[in-house]
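Let me begin by presenting the structure, written as structure tokens, before commenting on it.
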Amino acid sequence: MHLVYFLQISVGISQNFQLLVMTGVFILVGRSEFPSPKTVLFDLIIICDILYPVNRGGVHAWTYTYSKGSNLQWHEARQWCQNHFVDLVSIQNKEEAEYLNIFLPRSPKYYWIGVQKVAGMWTWVKTNEPVPVEAQRWASEEPDDLAGQDCVELYIKRDKDTAKWNNEKCSKRKEAICYAASCTRESCNAHGDCEETIGNFTCRCHPGFLGLHCEEAVACEVLAERRQSSQLCVHPNGPNRFNSSCRFHCEVGFRLVGVSVLACQADGRWSHPVPQCEVERCPALNQTDFSLNCSHPISPFSYNSTCQFSCDDGYELVGQERVRCDHTGRWSAGTPECSGESLLSSLPFTLIYDYESV
């Protein structure tokens, strides 16, 4: 048996490293046998990027594999791919199909791919997801509605409709196109999903994360400091980054106006405006029955305001002479009263009548 490796070496960029870029084709002929009831000849097309110096997280690539002279039914072809590699190639887009058309040899029976009709819908068997209409690459007048034609082949180097799909009976015997994934556990951060592309891979970041490997959390603006307030924050992904949360508290004598807990969202904005701390206020005191002398260190009749009461001469103060506005917005005591008669009314007097004027 012969293994033929076609290496396409292309350009890649890895952070903080310069690359030695080489372009060419390298062919290695060797011998390999797999423990299988049937010996299968296959070729490997390895599409890779060479990096120098080597750096973890650099550019990787798919490995395509195709059988040669194997005459496999669709289910046999998929089992063979799963046993020795990953699965039948799914053909995600036009570029991938055209790429394989360039590198695969022509086979009169063509090649099985990882698309099958499931519950009446054309489905990528790797993910068990329906193939979007825009991703379906049917040849002209395909797919047809003949019974049992539920598996898909790829036309390679065909005069008409090359690199297009055709549905066939799954019992037909053809070659198989398999792939080995370039994505590994180290390819992307835990906050991203690795997606295979031709000769490369990309990391599809989860909401709230960005970067080549989804290693960076989205940043929110630094929260402004407010007077008479404090904040206690938790930063699981770095200061003021996605999923950071801050709880606001007000000093004694002030009340919170707004939402107390803010969260940094995936769009880089805080979930709510920064709350305000407003001073607690006590009911205003009027000066109808007494004299009032007040001190307001913050604002009129608010937290820590104090007021001194006094009565007019001849009246006696009943109640607390001095009150203070506490942290709850209440006076420390009730309003006092002035009791008694004026000094003039309390003196003895004589009423004199002038009869001559009457």
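When Arg185, Arg137 are screened for being over 25 Å from Phe103 (Cα atoms) and of a type outside the set (A, V, I, L, M, F, W, C), only Arg185 passes. Taken together, the residues in segment 139-186 that are in contact with a Ser or Thr (Cβ under 9 Å, 6 or more places away or on another chain) and either charged (D, E, K, R) or at positive phi (or both) amount to 8.
Residues in segment 163-179 that are in a strand (DSSP E or B) and either under 42 Å from the mean Cα position of the chain (by Cα) or farther than 23 Å from Ser140 by Cβ (or both): Trp165, Asn166, Asn167, Glu168, Glu175, Ala176, Ile177, Cys178, Tyr179. Hey, Ala163 hits all of (1) in the same structural domain as Ser70 (by TED's automatic domain parsing); (2) closer than 30 Å to Asn240 by Cα but one; which does it fall short on? Looking at each condition in turn, Ala163 falls short on (2).
Scanning segment 103-125 for residues that are touching a residue at least 40 places away in the same chain (Cβ under 8 Å), outside any strand (DSSP E or B) and farther than 24 Å from Lys157 by Cα gives a single hit, Val125. I need the full set of residues from segment 190-236 which are assigned to a strand (DSSP E or B) and within 14 Å of the chain's Cα centre (by Cα), in order please. Gly192, Asp193, Cys203, Arg204, Cys205, Phe209, Leu210, Glu216, Ala217, Ala219 - these are the residues of segment 190-236 that are assigned to a strand (DSSP E or B) and within 14 Å of the chain's Cα centre (by Cα). Counting the residues of segment 72-102 that are within 23 Å of Lys160 (Cα to Cα), touching a residue at least 24 places away in the same chain (Cβ under 8 Å) and surrounded by fewer than 16 Cβ atoms within 10 Å (Cβ to Cβ) gives 4.
The values are calculated or read from the model by the stated rules, or taken from the named source; none is laboratory data. On a predicted model such as this, the values are computed, not experimentally measured, just so you know. All Cβ positions, even for glycine, are placed from backbone atoms using ideal geometry, and neighbour counts span all protein chains on display.
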